[in-house]
Structure formats: structure tokens, C-alpha cells
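Chemist: Once you've had a glance at the structure underneath, I'll fire off some questions.
The values are calculated or read from the model by the stated rules, or taken from the named source; none is laboratory data. All values reported here derive from a predicted model rather than from experimental measurement. Cβ coordinates were reconstructed from backbone atoms using ideal geometry, including for glycine residues, and neighbour counts include every protein chain displayed.
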């Protein structure tokens, strides 16, 4: 990230120097030039609902479960090879529940291969093998299937929250099942109430190495892509040993976080490193 020289206006009107002094503005430029920031990437973060169903018991032929518009039909190829509806996503029942669950996860996430024997009603066309709903499935163990909404089918939103966190508020996506085993989803719908939001916030993290010029100026500001409502600031020395802020402080402003540096121990000194997290 490049901090613009225009940021010197943040220092005008302070007690540090005459705001019209060239030496003062040159000093501010030096602070800005020496400010060592990692890229200020802004990320989306928040809480997503999780739906769970226990599939520890192998399904029975033509049992099904529904995720939004996708109906997953379990097929025992030793009993039959034609799905009940051409639009159903076929999941072949394996030799044990864990194998079947792995096939279901692959079908939901769009990684299942084409069916070689299970067909649509014409007995020729392979049955649908993958779903289309924007969800991500996983099997954490114990026969459990976990499901979370995503911005794209089969993509874990945590892999790239900026791109794949679903839109706010969450759309209606109903969950149901018709399983011989008496089990049910822990949620009936991801959007548990009209207009439900997931508390999405913008978050940014960066580091800044304290320099002599910063301490001399007594303050520096970092521009953000949003107005922060909270922040955490931690510090270490150049060797990574934790430091206390002492009398140094930070303030939140409109699209900025500002740092006041007193200089000299026990306050922050040259080469100390600030680790900053800000959120919307």
C-alpha cells in the first residue's frame, strides 16, 4: 500500500509544528515514506448458519434429502438404477454409511463424477450427478453432514470471504429429508427469519514499523476503506518480543485510524512493530 503525501493534512493544526512550515511538511513526508505497511486488504467476515444432519446409518434405496431446489436421491444399484424423477441428483449407496456420505458431499460440492449405471427414466441418459445450490458441504466425522451457505456451489466461503461470502440478507433455502432412519436437519431453512442478516463486517489487518521520524512527528494516520468501529493494536520489538503501548494510543476516525507516539521507553521506540486489526 502507498500512503499518499496528501495525508500530511492529517497533521495540520496540531501542536507539533507550524502547519505552514516547510520543514514540518517535509518531516511528515519522511514519516509517510518510511511507513512500512503491509497491503491493507479489506475482507468480509461474519457468522454463517450451519445445518447438520446425522447420516451415520446408510440410507435405504430411494430415500432422499432436499437442499433448496436440489433433491438428492439415494440409489442402491443392486435394487434399481433409475431415479424417481429426472431432475433428482443421484447418490449411489456405498458399502457403508461413510462411503455414501462421501459420495453425497461430492455431489453437493460439484465434484462427483458422472454416473455409469444410474439413469433417468429413459434408462439411457445418466442421472444428474451434482447439485446446483450455492452451499458448501463437509463431513467432519461421526456420520455428520454439515452444510453452510456460500456465494457459489461447492466453495467454502472462508477460502475467499470477499468473493464467496453470500449476499446479505441470506436468501431462503429450505432443507428437508425423507430418510428411513429417523433423523432431521438441525435447521429447516438457512434464512431463519425474513431479512435475516449474518452480521457481515469489513475487516482489515496491517503492520506498521515504528521509525524515528514517526516518533519525532508524534503521530501518524492510516487511511481505511471503511469507517472503523473497533480495533485491536498489539506491539512487539523487532525481535518479536511483546511490548506494551505505554502512554501511546490510537484513535478511530472517519476512514482512518490514528496513532499518537510519545517516544522513548516505556513507550514505543524505533523499530518496534504494530499489529493492527480494524473492523467496520
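Chemist: Being outside any loop (DSSP other than H, G, I, E, B) and surrounded by fewer than 17 Cβ atoms within 10 Å (Cβ to Cβ) is the filter here; which residues of segment 258-269 pass it? So that I can check it myself, show each step before the final result.
Modeler: Of all residues in segment 258-269, those outside any loop (DSSP other than H, G, I, E, B) come to 258-260.
Listed by number, the residues that qualify are 258, 260.
Chemist: When segment 157-167 is examined, which residues are found to be in contact (Cβ under 8 Å) with a residue 12 or more places away in the chain and surrounded by 14 or more Cβ atoms within 10 Å (Cβ to Cβ)?
Modeler: Filtering segment 157-167 down to residues in contact (Cβ under 8 Å) with a residue 12 or more places away in the chain leaves 157, 161-167.
Across segment 157-167, the qualifying residues are 157, 161, 164, 165, 166.
Chemist: To continue, here is another question. Take residue 226 and tell me if it is within 24 Å of residue 202 (Cβ to Cβ) and buried (at least 17 other Cβ atoms within 10 Å of the Cβ). Quick ask: steps written out before the conclusion?
Modeler: Numbers: within 24 Å of residue 202 (Cβ to Cβ): yes; buried (at least 17 other Cβ atoms within 10 Å of the Cβ): no.
Criteria not met by residue 226.
Chemist: Could you tell me which numbered condition residue 255 fails, if it satisfies all but one of (1) touching a residue at least 24 places away in the same chain (Cβ under 8 Å); (2) touching a strand residue (DSSP E or B) at 6+ places or on another chain (Cβ under 7 Å); (3) surrounded by 16 or more Cβ atoms within 10 Å (Cβ to Cβ)?
Modeler: (3)
Chemist: What are the residues in segment 211-245 that are under 12 Å from residue 273 (Cα atoms) and assigned to a loop (DSSP other than H, G, I, E, B), if any?
Modeler: Hits for segment 211-245 are 211, 237, 238, 239, 240, 241, 244, 245.
Chemist: May I pose another question? Within segment 173-185, is there a residue that is at pLDDT below 95, assigned to a loop (DSSP other than H, G, I, E, B) and farther than 27 Å from residue 76 by Cβ?
Modeler: yes
Chemist: Further question: With the requirement that a residue be closer than 20 Å to residue 55 by Cα, buried (at least 18 other Cβ atoms within 10 Å of the Cβ) and in contact (Cβ under 8 Å) with a residue 40 or more places away in the chain, what does segment 80-126 give you? Please lay out each step first, then the result.
Modeler: Step one: filter segment 80-126 for residues closer than 20 Å to residue 55 by Cα, giving 88-112.
Cutting the leftovers down to buried (at least 18 other Cβ atoms within 10 Å of the Cβ) gives us 88-93, 100-101, 103-105, 107-109, 112.
Result: 88, 89, 100, 101, 104, 105, 108, 109.
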